[in-house]
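The values are calculated or read from the model by the stated rules, or taken from the named source; none is laboratory data. Just so it is clear, the structure is predicted and the values come from calculations on it, not from any experiment. Virtual Cβ from ideal backbone geometry, glycine too; neighbours counted across all protein chains shown. Accessible surface is based on the protein model in full, side chains and every heavy atom, while ligands, DNA and RNA are left aside. Shrake-Rupley method; radii C 1.70, N 1.55, O 1.52, S 1.80 Å.
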Amino acid sequence: MELIIDNLSKTYANGVKALQNISLEIPKGMFGLLGPNGAGKSTLMRTIATLQEADTGSVTLGDIDVLKQKNELRQVLGYLPQQFGLYPKLSAEVLLNHFAVLKGITHRNERKELVKALLYKTNLYEVRKQQLKGFSGGMKQRFGIAQALLSNPKLLIVDEPTAGLDPLERNRFYNVLSELGEQTVVILSTHIVDDVKELCTNMAIINQGQVSLKGNPLEILENMKGKVYKKTIAKEELELYKENYQVISDKLFLGKPTIHILSDEHPGDGFSLINAELEDVYFSEIFNKTNSKSN
């Protein structure tokens, strides 16, 4: 089963073009949707999840016309939005059981076994009696995944799931998601490059409402091989280098900026060739889009 998005567009009343002719084919497995805040990722996720209307275009999941058959899509959809509320005084077990009832799982023993299995899958079984107000951010996100899996979804959408999580909780969340991608179409919408690098076999970069790049991360990195160079410079030199080179990123190292540039030829001037990372791909796409707009 594939999720096929064809020429999807959305313009808000204030004139913001949130989506501009988005077309993607997303197969079973983990698909990373990477882009900065405000790029249009959440608009796309909400549209696929039937929470808002598109102006033009189509979305299909197998035989389901997502934009027209909303109820059919919701029966096979799991959705974890960027922000979601919980009842703080209820335990994880009680609230997940309640959600299962709302999902139509009325047989008590079936519901009990499902809740138990999902708490184990998300590594929350040992804290199942604990009130949700005592959960860490990562535990709440894992609970969010548990409720999203109640209907055994064919499509799972997770929007910015690791934002604000510490490295340990992020790794736990990665482990949960990686298992799910084996049988389900999973869309991971994020601005964190490591999320995509760790989990996804296919990806797209979206910026200013448009898809600027899509494909397999390893193949995309291969296309940048021999084009990324690094140099540590003085702070006061940064703007000069930005004027003379295609600087795709700059970070502080021991108090001094280390810049990465994109060049088809060795630039000399003390630069050293480095292996391209997915972060370099991401920043180069954002740079090119921003630069083309300003020109």
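Tabulated results
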quantity	calculated
Residues (exposed (fewer than 15 other Cβ atoms within 10 Å of the Cβ) and either touching a strand residue (DSSP E or B) at 6+ places or on another chain (Cβ under 8 Å) or modelled with pLDDT under 90 (or both)) located in the range 104-132	Gly104, Thr106, Lys129, Gln130
Residue selected from the range 213-235 under the condition under 16 Å from Leu273 (Cα atoms) and charged (D, E, K, R), by the criterion farthest from the chain's Cα centre (by Cα)	Lys231
Hits in the range 9-39 (condition: closer than 22 Å to Asn216 by Cβ and in contact with a Leu (Cβ under 6 Å, 6 or more places away or on another chain))	Ile22, Ile26, Met30, Gly32
Residue list for the range 200-217, filter: assigned to a strand (DSSP E or B) and either in contact with a Phe, Trp or Tyr (Cβ under 8 Å, 6 or more places away or on another chain) or surrounded by fewer than 12 Cβ atoms within 10 Å (Cβ to Cβ) (or both)	Asn202, Met203, Ala204, Ile205
Residues satisfying the stated conditions in the range 63-88, i.e. in a loop (DSSP other than H, G, I, E, B) and open to solvent by less than 40 Å² (accessible area, probe 1.4 Å)	Val66, Leu67, Val76, Pro81
Enumeration of residues in the range 160-188 that are within 12 Å of Met30 (Cβ to Cβ) and not in a loop (DSSP other than H, G, I, E, B)	Tyr174, Val176, Leu177, Ser178, Glu179, Leu180, Val185, Val186, Ile187, Leu188
Filter pass, Ile157 being crowded, with 18+ Cβ neighbours inside 10 Å, in a helix (DSSP H, G or I) and within 17 Å of the chain's Cα centre (by Cα)	no
Check on Val247, under 24 Å from Gln20 (Cα atoms) and modelled with pLDDT of 90 or more	no
Answer from Ile220, Ile261 - the residue that is in a helix (DSSP H, G or I) and either β-branched (Val, Ile, Thr) or free of Cβ contacts under 8 Å to residues at least 24 places away in the same chain (or both)	Ile220
Leading residue by the ranking (surrounded by the most Cβ atoms within 10 Å (Cβ to Cβ)) among those in the range 218-246 that are farther than 18 Å from Cys200 by Cα and of a type in the set (A, V, I, L, M, F, W, C)	Val228
Residues that are of a type in the set (A, V, I, L, M, F, W, C), at pLDDT 90 or above and open to solvent by 80 Å² or more (accessible area, probe 1.4 Å), drawn from the range 250-274	Leu273
Strands (runs of 3 or more DSSP E) completely within the range 1-43 that count 2 or more residues being surrounded by 14 or more Cβ atoms within 10 Å (Cβ to Cβ) and more than 15 Å from the chain's Cα centre (by Cα)	3-11, 17-26
Test: residue in the range 161-179 that is in contact with a Cys (Cβ under 9 Å, 6 or more places away or on another chain) and buried (at least 19 other Cβ atoms within 10 Å of the Cβ)	no
Boolean, Phe143 is closer than 27 Å to Met1 by Cβ, in contact (Cβ under 8 Å) with a residue 24 or more places away in the chain and under 20 Å from the mean Cα position of the chain (by Cα)	yes
Top-ranked residue in the range 60-81 [being modelled with pLDDT of 95 or more and in contact with a helix residue (DSSP H, G or I) (Cβ under 7 Å, 6 or more places away or on another chain); ranked as nearest to Ile26 (Cα to Cα)]	Leu61
